Amino acid sequence: MRDTLKPKEYFDQYIQKTSEGIQKFENGLSEGKYQADKILFIKDYILQKKIGIIIAKYSKGDPLNDIKQEFDSTVELFCEAWDDSVYDSNIIYASLAYLLGLEADKLKSIKDKLQNADNYDSLLEFILTGNKDNFDASKISFPKPYKNLVKSIEAEDREPFLKYLKGWYKGSKGSAWYGTHELENKYCYNGYWSFESAAVAKRLGLNDSDLQNEQYYPYDLVHFN
């Protein structure tokens, strides 16, 4: 187990119930039940649920190689149907793609898809490529919540990175997933992880040896591959 807020049995149930929901929609697609203008929406919904399962499996403690294989299988659907209008979802997907060590051609496909988004910025570019040459802190899509993370990239400095990580959960109060671990008899929670913090730490080569047990920090992903 990597998560400390829910037991293994909860995540098993989350994965089972979410998988059953996905199967219903996939059956509907194969049976031609949906109007043509709804198909991409349905496929994006399926993909979002698959990412939720992947995060739940990470929280549950599944092996990273298995998680990588499952994530890798989502890239084709991502390039076809991903709704790129939600910035924090873009950040999560890009961060996982990098941390799990996807091949360069798949990272490029993800970048090509996200570059079409109105919210594509230097933070996404840095996570996906590690390239700081054109990093522009003045053009971050959501500068306030990511301020300290951006500062850490600009200065290659650990202190603003730590400030970002320490304030990450509280600073995410407006997110749809915030507080979902408190909902009873509902399977909405899949884990709280600042994947973008891990991606930036790995890109910058920051010393994170004291963060191995830090809540919200996916330490083993930084050191995977």
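When only the Cβ of Lys, Arg, Asp and Glu is charged (+1, +1, -1, -1), the dipole of the chain relative to its Cα centre reaches about 480 debye.
Remind me, what semi-axes does segment 98-225 give for its equivalent ellipsoid, largest first in whole Å, using sqrt of 5 times each Cα gyration tensor eigenvalue?
23, 18, 17
Note on Rg and Dmax of the Cα atoms in Å: of the candidates (i) 17.4, 54; (ii) 20.2, 63; (iii) 19.2, 76, the value calculated from this structure sits at (i).
Mean separation of Cα pairs under 8 Å and 6 or more residues apart, divided by the residue count, gives segment 8-222 a relative contact order of 19 percent. Pairs from the table (Lys17/Lys111; Lys49/Lys113; Lys60/Lys106; Lys38/Lys173; Lys8/Lys50) lying more than 21 angstrom apart at Cα are Lys17/Lys111; Lys60/Lys106; Lys38/Lys173.
Taking each DSSP H run with n ≥ 4 as -39500 (n - 2.57) and averaging over every residue of the chain yields -17000 deg cm²/dmol at 222 nm.
Ranking Leu204, Ser172, Leu100 by Cα position along the charge dipole of the chain, where only Lys, Arg, Asp and Glu carry charges on their C-beta atoms, puts Ser172 farthest toward the positive end. Ordered by the count of other Cβ atoms within 10 Å of each Cβ, fewest first, Ser85, Ser95 give Ser85, Ser95. If we count other beta carbons within 10 Å of each Cβ, what is the order of Leu183, Leu165, fewest first? Least to most surrounded, the residues fall as Leu183, Leu165.
Relative intensity of segment 1-77 on a log10 scale, I(q)/I(0) at q = 0.12, 0.13, 0.15, 0.27 Å⁻¹, equals -0.39, -0.45, -0.57, -1.25, per a Debye sum over C-alpha point scatterers of equal strength in the absence of solvent.
Read the figures in this text as sums done on the coordinates, not as results from a lab. Bear in mind that the values here come from a model prediction, so they are computed numbers and not experimental data. Neighbour counts run over all protein chains shown; Cβ positions are idealised from the backbone, glycine included.
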